[in-house]
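Some notes on the structure that comes next.
The values are calculated or read from the model by the stated rules, or taken from the named source; none is laboratory data. All values derive from a computational prediction rather than experimental measurement. Neighbour counts are summed over all protein chains in view; Cβ atoms, including those assigned to glycine, are modelled from backbone coordinates with ideal geometry.
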Amino acid sequence: RVIDLPDSIQELEVIAKKIRELAKEGENLSRIGIAFSSPSNYRPHLDRIFTEYNIPYRRKTPMSLISGPLIKELVGVLTILAGDFDDQDFLALASAEFLSLDCTSLLDKLNHILGEVRFEANGWSLVRLIEDKVRVIEDDELLGIIDFIKKNLKWNLGKKVTFKAFISKFIGLLNKFELADKLDEFEDGSEVMAVWNEFKNITAKLNKIADEKRTLKDWIKLLKLAIREANYTFDQGQGVEITGKIELRSGDYDYIFLAGMSHDLYPTASHNPLDRYFKELGMELTDDQVLDRYLFVDHLLGAKKGTFITYSKSASEEQALASSCIEELKRVVTLKKTEVEENLYSINELQQSLGLKLKAGKEYTDYTQGDDYHWQEDLLTKFRLLKERNRDEFAVYNGKLEEESNLNWLEEKFDDDYVYSADLLGSYANCPFRFLFEKVFKLSSFDLSEEILPFERGRFLHKIMEKFYSKFSAGKVTEDNQEEAAQVLLTATQEVLAEYPLFKESFYWQTEGNRYLQDDDLGVGLEKILAFERDSTIKSNKKTNHFTVREVEWEFDGLELIDDYKFRGRIDRINYHEEGWLGVIDYKTGSINNPVQIPLYIMAAKEEFEEDIVHGGYYILDPGKGLDYKKVKVTNEMYKSSTKATDRFNESLEEAKKNIKEYITNIKAGNFKLGDGDNGCSYCQCKFICRKEEA
């Protein structure tokens with residue numbers, strides 16, 4: 001049975017409803033299994049939705065270690081040890097559940113002190129300011145806690161030790177926080193102990209392979225990276241079995257649910273142009289994608305009573321598109337449209353249905369109620385009252401902070417000396433609500449993907465390009481110097497990858513590293529970049545081939561570019577033409593959704609350089625999806641004949657200035673509405689707070 005749905009949340013809701021139907025028919029929940037083609041899209045919503053529908057489940061799918069109990073506090077300690085912490089990191093340490101600092105009763109006082117110094121310093125400079133203020137109020141108890149933190153967490157980060165010595169020192173520090181006593185309170189089968197055991201496994205593995213001496217700072221950084229990459233598995237309770245990606249075994253289940261079977265999520269056969277040479281070389285390779293497809297079909301045929309398949313549209317699709325595997329299944333099995341009953345069995349379901357009907361502008365006439373459930377009289381009364389109301393009255397959040405203390409706080413934070421960045425302003429432009437949580441409240445978000453994260457891939461490529469052009473004096477790849485350029489690029493890549501030990505130790509990172517290096521040669525991805533550097537043009541004008549790279553990672557800070565507002569930023573690349581022109585380029589490995597970044601960078605370059613700025617835009621730096629220049633703004637000089645390009649160029653700068661002033665005014669005024677449209681909602685961690693798709 002197959003069903004297509006608008007999004008992954010509704011997939012889970014349909015699955016929960018169908019499982020409830022099966023349970024009412026007397027089916028054993030332990031004989032039902034669920035697998036996901038992409039677990040990270042579903043795990044964050046799983047517990048909430050299954051709890052709402054009262055579906056017990058056993059979770060056998062791996063979870064990101066950083067999301068587990070205890071680990072965030074250990075990472076918090078590592079952040080303090082690294083010395084690059086802020087006021088929120090310090091407060092998190094003081095309020096940690098597993099680390100005994102005995103200052104719970106003093107948190108309000110400490111929070112008040114941090115509120116007075118939060119914009120003045122970071123790291124140990126922040127601690128000194130806190131200490132000075134505590135001495136003024138003569139609070140000996142807080143002074144004792146600060147002395148304890150300074151004595152035990154202010155390490156000599158330049159000291160070189162083995163990893164074994166580092167982890168021994170770190171465990172000794174945790175014992176001073178009485179962590180061992182805290183852990184004794186939990187049983188061996190608890191989630192806390194599952195997380196702690198995985199942490200010990202990480203340190204044991206690193207201890208085996210890291211026998212050299214490094215600075216304490218290097219070991220701290222490595223351990224944080226290893227924690228972020230790791231996963232743990234915790235089997236909780238009884239009920240439906242939730243597994244990871246394609247882990248169900250044939251014949252183990254009466255019913256199997258496969259979620260996320262969209263065309264872009266489930267693997268399809270790909271053709272490598274090198275495949276035809278393998279046979280001649282006597283090589284036999286396993287196609288993992290074909291194997292996954294075989295397992296998929298095997299699972300479908302393995303369910304004893306039935307299989308349910310769901311899929312939903314991705315962010316780039318107008319409608320849901322099924323995996324090609326589903327089309328292939330029509331040859332061997334009968335596919336039916338999944339039907340789900342619409343009975344309401346909880347107040348939560350009524351509220352959801354009520355909200356959806358209001359959104360559609362419909363009126364209420366009748367509800368089909370479950371035979372075994374009767375609404376209480378007070379709920380019916382409330383329902384009748386709700387029918388009378390106007391939709392506008394149900395707005396739960398109008399995007400406006402109106403409390404005077406909040407507005408004063410914003411004025412203080414974003415005062416005349418505040419330095420704005422393109423990233424910060426672009427974040428507000430895309431979704432003011434997300435900006436409020438990520439940039440103002442500074443609530444951290446974590447990607448639950450087991451593979452290498454997109455921002456990490458971008459960071460590696462940025463560093464490689466920076467090192468390449470800082471070493472390659474010619475500044476432009478040509479047919480004459482491409483061999484020299486390849487050697488310089490190879491050296492730069494080797495140096496960048498050497499900074500990250502996980503490229504040697506992790507399967508996912510090794511796979512990523514192969515895109516850059518193959519043995520002692522450039523990988524396919526970098527070969528594509530080198531060829532693009534040699535052959536690319538901007539706006540199809542041959543003159544652009546004569547641009548060389550003049551600056552890489554050029555920084556500006558405190559420039560008053562608009563009215564009295566100050567700005568900072570880092571331009572990935574500034575191109576130079578012999579006729580006295582400059583161009584501003586920013587590398588992108590993901591989507592382009594910042595309307596003010598390039599205009600702001602152009603304004604900064606105009607302020608600091610004498611030459612005319614004749615172009616500014618994005619360089620899509622993703623060998624897997626294609627290399628290209630996008631959204632490039634140009635002047636008349638970039639065309640053989642044009643009289644309007646410069647006008648459009650200048651108009652875009654003026655429009656950006658107007659928008660930036662509007663953004664800053666709204667930020668200070670406390671206007672943080674939900675963003676319009678889908679500006680990265682599918683991967684935004686704030687969607688678990690705004691729940692825009694259900695509002």
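The requirement of being modelled with pLDDT of 75 or more, over 21 Å from Tyr311 (Cβ atoms) and touching a Leu at 6+ places or on another chain (Cβ under 6 Å) is satisfied by Ile71. Filtering Ile19, Ile15, Ile80 for residues that are touching a Ser or Thr at 6+ places or on another chain (Cβ under 7 Å), assigned to a helix (DSSP H, G or I), modelled with pLDDT of 80 or more and surrounded by 20 or more Cβ atoms within 10 Å (Cβ to Cβ) leaves a single hit, Ile15.
Val240 meets all of the listed conditions (1) on the phi > 0 side of the Ramachandran plot; (2) touching a residue at least 12 places away in the same chain (Cβ under 8 Å) but one, namely (1). Within segment 604-613, one or more residues are buried (at least 19 other Cβ atoms within 10 Å of the Cβ), part of a strand (DSSP E or B) and not basic (Lys, Arg).
Residues of segment 407-423 that are among the charged types (D, E, K, R) and not in a loop (DSSP other than H, G, I, E, B): Glu411, Glu412, Lys413, Asp423. What do you reckon, is Tyr587 more than 19 Å from Ser473 (Cβ to Cβ) and assigned to a strand (DSSP E or B)? Yes; evaluated as a whole, the condition is true for this residue.
Given the residues Arg59, Arg118, Arg43, which is the only one that is out of contact with any Asp or Glu (no Cβ under 9 Å at 6 or more places or on another chain), modelled with pLDDT under 80, closer than 30 Å to Leu225 by Cβ and buried (at least 16 other Cβ atoms within 10 Å of the Cβ)? Testing whether each residue is out of contact with any Asp or Glu (no Cβ under 9 Å at 6 or more places or on another chain), modelled with pLDDT under 80, closer than 30 Å to Leu225 by Cβ and buried (at least 16 other Cβ atoms within 10 Å of the Cβ) leaves just Arg43. Only residues that are more than 22 Å from the chain's Cα centre (by Cα) and not hydrophobic (A, V, I, L, M, F, W, C) were counted across segment 507-530, and they come to 10.
Condition check ((1) outside any helix (DSSP H, G or I); (2) touching a residue at least 24 places away in the same chain (Cβ under 8 Å); (3) surrounded by 17 or more Cβ atoms within 10 Å (Cβ to Cβ); (4) outside the structural domain of Tyr500 (by TED's automatic domain parsing)) across all residues:
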| site | (1), (2), (3), (4) |
| --- | --- |
| Ile171 | no, no, no, yes |
| Leu174 | no, yes, yes, yes |
| Glu187 | yes, no, no, yes |
| Val192 | no, yes, yes, yes |
| Trp196 | no, yes, yes, yes |
| Phe199 | no, yes, yes, yes |
| Ala204 | no, no, no, yes |
| Lys208 | no, no, no, yes |
| Lys217 | no, yes, yes, yes |
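For segment 565-574, state whether one or more residues are under 23 Å from Ser536 (Cα atoms), buried (at least 16 other Cβ atoms within 10 Å of the Cβ) and acidic (Asp, Glu). Yes, segment 565-574 contains a residue that is under 23 Å from Ser536 (Cα atoms), buried (at least 16 other Cβ atoms within 10 Å of the Cβ) and acidic (Asp, Glu).
All of Glu608, Glu553 fail the test of being out of contact with any helix residue (DSSP H, G or I) (no Cβ under 8 Å at 6 or more places or on another chain), modelled with pLDDT of 90 or more and not aromatic (Phe, Trp, Tyr), apart from Glu608.
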